[in-house]
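Asker: This is the structure I have questions about; it appears just below.
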Amino acid sequence: MLFIEEFIKKESSSGVLLIFATILALFFSNSFLSDYYESFLHIPVSIQVGSLHLDKTLHHWVNDGLMAIFFLLIGLEVKREVMEGHLSSISQVTLPVVAAVGGMAVPAAVYLYFNGADPTASSGWAIPTATDIAFALGILSLLGKRVPLSLKVFLMALAIIDDLGAIVIIALFYTVDLSTLSIVVASVSLVTLIAMNRLGVVRKSAYFIVGLVLWVSVLKSGVHATLAGVALAFTIPLYAKDKLGKKFSPLKILEHDLHYWVAFFILPAFAFANAGVNITEISLDQMAGPVPLGIILGLFVGKQLGVFGFSWLAIKLGFAKLPEGSNWLQLYGVAVLTGIGFTMSLFITSLAFPSGDLFQYTDKLAILLASFAAGILGYLILRFGKSGERG
């Protein structure tokens, strides 16, 4: 369990930085510095190698470039958990999988209830399906031993499955017009990475070079570039042997090295670049619109109903067991915490509504409000709820 405790500690610290970055972004957006904030995010950054030319704003480099590294880390976590971790057996994976499915299906249904008739607004159905693992685990860490480790492991596994679901959603529903040539180059790159894995290549630099080609080709293909990070992760060997025949894990070493960069730089940078909302220009009538209402109710109500309801059903039907040392109230409190969407919800918003201000930023404010409400309520339930096992 040492790995789990270290993982939770890193995510908790990242949650603090995310809060700071969010407050900073809101300050810049709602002060005399708002014009400088917007100008900073739209600084053009170009890279050219021969005929290959990548020209994007700083904001897009954060979302398409840095977030690809974030998804690389998610891919590494998913592969490790599936091969030998808490997703490696049916008994371990049943409850978090069922909970994650409910936590995606119900919020999406809630959102579509309000926005299904509008083709433009309905494309945001996936926004309330995400859970921010850093914030959620960060709140659990504040509760110390009041929350059993089994519930923390449950939330971690659920959030990882949730992220995997988000990856599938992005691949299937947020792909634009495809470039045949780029798809071919990406496919060749992926086949090369798989061959390297099968041939026992262990040098990280070799995977990074081919992975960079994969990322550029996916970026140019019409499929979102962050998926290249996941594809690269799945090809990194879990175990290998060095020249002396000693066994080691390239995947775990890379995961450990990346975790600090993602937790303490990439995610805070993403939060700063995407959480800036000028709330002075948003009225209560606008927040009562179908898009913000669908997001708020999807995250705050849909998430807890989906996660807890599906978990309750699985446990009562005998497919899964209540996490060891926990009770129904504690499970419900964790279910409420899954309504903290933040990072992934903001990311999906940028894909669903690329223009950014399509709904006058009410979509982003809705994510912040719902995440804040879910965090507060989840904390109060777990803080003052009676602990102890109940069969």
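The values are calculated or read from the model by the stated rules, or taken from the named source; none is laboratory data. Since this is a predicted model, take the numbers as computed values, not measurements. Backbone-built Cβ (ideal geometry, glycine too); neighbour counts: all protein chains shown.
Asker: Would you say L2 is under 24 Å from the mean Cα position of the chain (by Cα), more than 23 Å from I340 (Cα to Cα) and modelled with pLDDT under 85?
Answerer: Spelling it out, L2 is indeed under 24 Å from the mean Cα position of the chain (by Cα), more than 23 Å from I340 (Cα to Cα) and modelled with pLDDT under 85.
Asker: Could you list, in sequence order, the residues of the stretch 203-232 that are in a helix (DSSP H, G or I), touching a residue at least 40 places away in the same chain (Cβ under 8 Å) and more than 10 Å from L193 (Cα to Cα)?
Answerer: Correct list: K204, W215, V216, L219, K220, S221, T226, L227, A228, G229, V230.
Asker: In addition: What do you reckon, is A275 of a type outside the set (V, I, T), buried (at least 19 other Cβ atoms within 10 Å of the Cβ) and over 25 Å from D35 (Cα atoms)?
Answerer: no
Asker: Residue check: is F71 among the hydrophobic types (A, V, I, L, M, F, W, C), part of a helix (DSSP H, G or I), closer than 26 Å to I170 by Cβ and modelled with pLDDT under 90?
Answerer: So F71 passes the test.
Asker: Within the stretch 237-245, is even one residue assigned to a helix (DSSP H, G or I) and surrounded by fewer than 17 Cβ atoms within 10 Å (Cβ to Cβ)?
Answerer: no
Asker: Would you please list the contacts, defined by Cβ atoms under 6 Å and residues six or more apart or on different chains, that run from a residue in the stretch 33-49 that is closer than 21 Å to V216 by Cα to a residue that is aromatic (F, W, Y) and surrounded by 13 or more Cβ atoms within 10 Å (Cβ to Cβ)?
Answerer: Within 6 Å, the pairs are V45/W61.
Asker: Which of the residues belonging to the stretch 309-368 are touching a residue at least 12 places away in the same chain (Cβ under 8 Å), of a type outside the set (A, V, I, L, M, F, W, C), within 30 Å of M67 (Cα to Cα) and in a loop (DSSP other than H, G, I, E, B)?
Answerer: T338, G339, G341, Q360, Y361
Asker: While we're here: Quick one: how many residues across the stretch 235-282 are among the charged types (D, E, K, R) and closer than 20 Å to T362 by Cβ?
Answerer: Residues that pass the stated criteria total 1.
Asker: Moving on to the next point. One residue is enough: does the stretch 257-276 have a residue meeting the conditions assigned to a helix (DSSP H, G or I), within 21 Å of the chain's Cα centre (by Cα), closer than 23 Å to V168 by Cβ and of a type in the set (D, E)?
Answerer: No, because not a single residue in the stretch 257-276 is assigned to a helix (DSSP H, G or I), within 21 Å of the chain's Cα centre (by Cα), closer than 23 Å to V168 by Cβ and of a type in the set (D, E).
Asker: Return yes when A105 is under 17 Å from the mean Cα position of the chain (by Cα), modelled with pLDDT of 90 or more and either crowded, with 22+ Cβ neighbours inside 10 Å or over 26 Å from L351 (Cα atoms) (or both) and no when it is not.
Answerer: Working: under 17 Å from the mean Cα position of the chain (by Cα): yes; modelled with pLDDT of 90 or more: yes; either crowded, with 22+ Cβ neighbours inside 10 Å or over 26 Å from L351 (Cα atoms) (or both): no.
Against the criterion (under 17 Å from the mean Cα position of the chain (by Cα), modelled with pLDDT of 90 or more and either crowded, with 22+ Cβ neighbours inside 10 Å or over 26 Å from L351 (Cα atoms) (or both)), A105 does not qualify.
Every residue, every condition in (1) within 19 Å of V334 (Cβ to Cβ); (2) touching a strand residue (DSSP E or B) at 6+ places or on another chain (Cβ under 6 Å); (3) part of a helix (DSSP H, G or I), yes or no:
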{"site": "A109", "(1), (2), (3)": "no, no, yes"}
{"site": "Y113", "(1), (2), (3)": "no, no, yes"}
{"site": "W125", "(1), (2), (3)": "no, no, no"}
{"site": "T131", "(1), (2), (3)": "yes, no, no"}
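Asker: Something else: Scan the stretch 129-176 for residues that are of a type in the set (S, T, N, Q), within 18 Å of L377 (Cβ to Cβ) and surrounded by fewer than 23 Cβ atoms within 10 Å (Cβ to Cβ) and report the count.
Answerer: 1
Asker: Could you tell me whether any residue of the stretch 217-226 is buried (at least 17 other Cβ atoms within 10 Å of the Cβ), out of contact with any Gly (no Cβ under 8 Å at 6 or more places or on another chain), farther than 24 Å from T343 by Cα and among the β-branched types (V, I, T)?
Answerer: no
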